[in-house]
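**Q** Next up is a structure, given as structure tokens.
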Amino acid sequence: MEVVRIGLIGAARVAPYAIIAPARSVPGAHLTAIAARDLNRASTFAARHGIATVHRDYRALIVDPAIDLVYLATPPSTHADLAHRAIAAGKHILIEKPFTIDASEAAAILDHARARGVRAFEAMHAPHHALFGEVRVIVGSGVLGRIRRVNAHFSTIIAVVPGEFRWHVGLGGGGLMDLGVYPLALCRRLLGEDFKVDAVAVEFESGVDARLRADLSFGDVAARIGCSMIDPFDAYLEIVGEHGTLHVRNPVAPSLGNRLTLRTGTSCEEREIDGATSWTAQLAAIVATLRDGAPYPLPADDPLVSMRAIERVRAHPDWDAAVNADATAQP
């Protein structure tokens, strides 16, 4: 495979920075086609972004022999069906997060991909940036001493407008699925998968989790994750150890501006970590895996483990209590 040829399903707002720009920057990647629910919308989007081929519908793109990788930028409720159709056609898939509606859907997709001999990736781009690589180097160096606490947060205002799937539970929306999955993923990358949920504070608006805080325990390391769709942008990762603290501003989209601050008992170091965008680094890793057989930086089952982690937060009694309180408050 000299070039990984990519087909985009969904004329989504995320596509220009998540796949179109990366495909132009990564050698060995080429975005060749698009399909959307509305043909006119797809045609307009293709003209704006220089995409050569517009398919009349999803099926036409999926069966196109000139496509190797299908990128799904549609609402989460559509991911499973489209993923299975693409896998059956022998395509690799890159699925926007959240990967699916639930863990059972994720498991079925990964099983199908394995059986068909193709790869299924989740667009969990943040850990691919050089910033997170530097975080892991610092933590691994021991300069912080034994890690005691990790705090991770991501908030940004999601406008309540017609068609915004994030405000519809049935479409796979909600703060935890769309935003909280990032701080949860960063904690998992640093601390592992063995954690328990100690407490959850969640606020619902119109049946959707709009603001959330969850206290977790990874062995003897306490972690707090937070997210909000109703508060201004704020994204950080804080790692507190016996001998120092590492604070990371904007670990979610570091290319939009980041700051790494390392404080110990004897020094304070601040710097910004440059590098390709997290989306570009992610696509470069995918191309290296598909074209060159390089090991992918994240575990093959990471999409499933991520969905299971989300479900563990939702399974806490505090979540159910908040759901019931919201339902009672509805007119």
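Values in this text are rule-based calculations from the coordinates and carry no lab data. Predicted model, so just to flag it, every value in this text is computed and none were measured. Please note: Cβ atoms are built from the backbone with ideal geometry, for glycine as well, and neighbour counts cover all protein chains shown.
**Q** Using packing as a proxy for protection, rank 110-116, 79-85 so that the peptide with the highest average count of other Cβ atoms within 10 Å comes first.
**A** 79-85, 110-116
**Q** Also, I was wondering about something else. From the backbone phi of the range 237-253, what are the Karplus-calculated ³J(HN,Hα) couplings (6.51 cos²θ - 1.76 cosθ + 1.60, θ = phi - 60°) in whole Hz, Gly and Pro given as x?
**A** With coefficients 6.51, -1.76 and 1.60, one gets 9, 10, 10, 10, x, 5, 10, x, 9, 10, 10, 10, 8, 6, x, 7, 9 Hz.
**Q** Additional query: Please turn the phi angles of the range 202-210 into ³J(HN,Hα) values with the Karplus equation 6.51 cos²θ - 1.76 cosθ + 1.60 (θ = phi - 60°), one per residue in order, whole Hz, x for glycine and proline.
**A** Coupling constants for the range 202-210: 9, 10, 9, 10, 6, x, 10, 5, 9 Hz.
**Q** Hey, what do the phi angles of the range 156-167 turn into as Karplus ³J(HN,Hα) couplings, whole Hz, using 6.51/-1.76/1.60 and θ = phi - 60°, x for Gly and Pro?
**A** So the Karplus estimates, Gly and Pro as x, are 6, 6, 9, 5, 8, 10, x, x, 7, 5, 5, 9 Hz.
**Q** In debye, nearest 20, what is the charge dipole magnitude of the range 254-331 about its Cα centre with +1 on Lys and Arg Cβ and -1 on Asp and Glu Cβ, if you could check? Let's see the in-between values first.
**A** Working: 7 positive and 11 negative charges, 18 e Å.
Charge dipole of the range 254-331: 80 debye, to the nearest 20.
**Q** Which whole-number percent of Cα pairs in the range 278-317 have a distance greater than 16 Å?
**A** Numbers: 400 of 780 pairs.
Result for the distance tail: 51 percent.
**Q** While we're here: Pick from SER77, SER104, SER141 the residue whose mean-square fluctuation is largest in a GNM of the chain, springs joining Cα atoms under 10 Å.
**A** Comparing SER77, SER104, SER141 in a Gaussian network model of the chain, the most mobile one is SER141.
**Q** With unit charges on the beta carbons (Lys and Arg positive, Asp and Glu negative) and the dipole taken about the Cα centre of the range 4-123, which residue among ALA103, ALA120, GLY28 sits farthest to the positive side?
**A** The residue sitting most towards the positive pole is GLY28.
**Q** Next question, about the same structure. Per the Kirkwood treatment, what hydrodynamic radius in Å, one decimal, follows for the chain from the mean inverse distance over all distinct Cα pairs?
**A** Hydrodynamic radius (Kirkwood, Cα only) of the chain equals 20.6 Å.
**Q** For the chain, give the magnitude of the charge dipole about the Cα centre (Cβ charges: +1 Lys/Arg, -1 Asp/Glu; no others), in debye to the nearest 20.
**A** The calculated dipole for the chain is roughly 720 debye.
**Q** Another question about this same structure. Between the DSSP loop rule and a limit of at most 15 other Cβ atoms within 10 Å, which chymotrypsin sites (Phe, Trp or Tyr not before Pro) in the range 186-294 are left?
**A** PHE233
**Q** Hey, another quick one. Please order ASP320, ASP209 by the number of other Cβ within 10 Å, starting at the fewest.
**A** Numbers: ASP320 12, ASP209 28.
With the fewest neighbours first, ASP320, ASP209 line up as ASP320, ASP209.
**Q** Take the alpha carbon gyration tensor of the range 4-123, find the square roots of its eigenvalues, order them as a ≥ b ≥ c, and report rounded if a/c is under 1.5; if not, report prolate when a/b exceeds b/c, else oblate.
**A** The shape class here is prolate.
**Q** State whether the range 243-331 is rounded, prolate or oblate according to the following rule on the C-alpha gyration tensor (a ≥ b ≥ c being the square roots of its eigenvalues): a/c under 1.5 gives rounded; otherwise a/b larger than b/c gives prolate, and the remaining case gives oblate.
**A** Cα axes put the range 243-331 in the oblate bin.
**Q** Does the range 198-256 come out rounded, prolate or oblate, given a ≥ b ≥ c as the square roots of the eigenvalues of its C-alpha gyration tensor, rounded meaning a/c under 1.5 and, failing that, prolate meaning a/b above b/c? Before the final figure, lay out each step's value.
**A** Values: a/c = 3.51, a/b = 1.30, b/c = 2.69.
Oblate, because a/c is 1.5 or more while a/b does not exceed b/c.
**Q** Over 17 Å apart: what share of the alpha carbon pairs of the range 200-301 falls there, rounded to a whole percent? Intermediate values should be presented prior to the final figure.
**A** Working: 3602 of 5151 pairs.
That tail contains 70 percent of the Cα-Cα pairs.
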